[in-house]
Amino acid sequence: MTTPIATLRGVSKRYGSTRALEATDLDLHRGVIGLLGPNGAGKTTLLRLIASALPPSTGQITVAGHNVTGTIAERTAARRCLAYLPQEVGFPRGMTAFDFLDYIAVLKEWRAQEERHREVLRVLALVQLHDRRTVRVSALSGGQRRRLALAQALMGNPDLVVLDEPTTGLDPEQRAALRGILSTAAVHGCVLLATHQTEDVSALCDRVIVLDQGRVRFDGTVPQFVSRASGQVWIDAAPTDGALSSWRTGTGAVKSVGGRPGPDASAVEPSVEDAYLLLRAEDPETQGAMR
Ligand code: ADP
């Protein structure tokens, strides 16, 4: 196994009496890692800890060999190797798209102006905003602002890119384009993204981590995750008895996740979403909420 880009050892977070993240050990390697989990699972907390935007209550985090939880100099060195896209980004709305990225690039210590402007134009083109570069941020659409926020995270090809729900607000074409951008970024680094879009995980991720109530419930490859659901997803004329979820598909047949299949039911290939529903149902505390 190669040296991990980021490591977590015994990392936990409490907010007062709320235990948002239980003691967690993780090694993050090159590739795209999808972080799934219900609202309140601790996903944003985990991302903010790794991005050094939040100090852990216990434990140690390293990024590119630098101790995020160490001295200011170590944390600064770690921050030079990572980028973070939070769910909400506050923009100085009077700035143009170009000016905003140039301003962020200055904050990221790009001193040589020509080289900095080249990088700003590169990431603007990457997120397909090149032709909007002279438009004020206040005049951009929601999807365009989201892509501009992503562009700042991709500047300088960081070793670790941490993205909190990057596809929110994007239309299907933009989401497909984003997958291309992220898979390129993952060639030399690690992209860790929290999402509710299970299709993004199946289309893009090498590895999936499922978090629930501050604990890692699954950590493995996407095929390993999906295989947990094999033989538990059915197509029939009617819902399967005791299914977690059943719905009539476009063909008129009924797809059921879990339950006891009737004699005419046939098992179908599970999706990431099916595996996620079944995993969530394994936790007795969530069963009431799922039914
Ligand atoms: P997710 O991103 O999976 O929705 P979060 O990491 O935002 O989960 O939240 C995990 C838990 O921590 C939740 O119970 C949430 O209410 C709590 N929490 C998050 N941020 C704070 C905060 N700043 N102060 C107090 N509790 C918080």
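Computed from the coordinates by the stated procedures, all read-outs in this text should not be read as laboratory data. What you see is a predicted model, and the numbers here were worked out from it, not measured in a lab. Quick reminder, even Gly has a Cβ in these numbers, built from the backbone with ideal geometry, and neighbours come from all protein chains shown.
Is there a residue in region 47-58 that is farther than 14 Å from Asp159 by Cα, more than 21 Å from the chain's Cα centre (by Cα), without any contact (Cβ under 8 Å) to a residue 24 or more places away in the chain and not in a strand (DSSP E or B)?
We begin by selecting, within region 47-58, every residue farther than 14 Å from Asp159 by Cα; these are 47-49, 52-58.
Keeping just the survivors that are more than 21 Å from the chain's Cα centre (by Cα) gives 57-58.
This time we only want the ones that are without any contact (Cβ under 8 Å) to a residue 24 or more places away in the chain, so: none.
No - not one qualifying residue is present in region 47-58.
If you check Val201 against the conditions, is it in contact (Cβ under 8 Å) with a residue 60 or more places away in the chain, among the hydrophobic types (A, V, I, L, M, F, W, C) and within 16 Å of the ligand (Cβ to nearest atom)? Please lay out each step first, then the result.
Working: in contact (Cβ under 8 Å) with a residue 60 or more places away in the chain: yes; among the hydrophobic types (A, V, I, L, M, F, W, C): yes; within 16 Å of the ligand (Cβ to nearest atom): yes.
So Val201 passes the test.
Looking only at region 12-26, count how many residues are surrounded by fewer than 14 Cβ atoms within 10 Å (Cβ to Cβ) and outside any loop (DSSP other than H, G, I, E, B).
Looking only at region 12-26, we keep the residues that are surrounded by fewer than 14 Cβ atoms within 10 Å (Cβ to Cβ), and these are 15-18, 25.
Right, trim to outside any loop (DSSP other than H, G, I, E, B) and you get 15, 18, 25.
Counting residues in region 12-26 that are surrounded by fewer than 14 Cβ atoms within 10 Å (Cβ to Cβ) and outside any loop (DSSP other than H, G, I, E, B) gives 3.
Tell me, please, whether a residue that is surrounded by fewer than 18 Cβ atoms within 10 Å (Cβ to Cβ), touching a strand residue (DSSP E or B) at 6+ places or on another chain (Cβ under 6 Å), in a loop (DSSP other than H, G, I, E, B) and not basic (Lys, Arg) can be found in region 210-222.
no
Scanning region 90-146 for residues that are under 24 Å from the mean Cα position of the chain (by Cα), part of a loop (DSSP other than H, G, I, E, B) and polar (S, T, N, Q), which turns out surrounded by the fewest Cβ atoms within 10 Å (Cβ to Cβ)?
Restricting to residues being under 24 Å from the mean Cα position of the chain (by Cα), part of a loop (DSSP other than H, G, I, E, B) and polar (S, T, N, Q), the top hit is Ser141.
Can you tell me which residue in region 1-33 is nearest to Gln213 (Cα to Cα), limited to those that are free of Cβ contacts under 8 Å to residues at least 40 places away in the same chain and within 16 Å of the ligand (Cβ to nearest atom)?
The residue in question is Thr18.
Go through Pro166, Pro158, Pro172 for me and flag whichever is within 16 Å of the ligand (Cβ to nearest atom) and either of a type outside the set (Gly, Ala, Ser) or out of contact with any Phe, Trp or Tyr (no Cβ under 7 Å at 6 or more places or on another chain) (or both).
Numbers: Pro158 fails: within 16 Å of the ligand (Cβ to nearest atom); Pro172 fails: within 16 Å of the ligand (Cβ to nearest atom).
So the residue among Pro166, Pro158, Pro172 that is within 16 Å of the ligand (Cβ to nearest atom) and either of a type outside the set (Gly, Ala, Ser) or out of contact with any Phe, Trp or Tyr (no Cβ under 7 Å at 6 or more places or on another chain) (or both) is Pro166.
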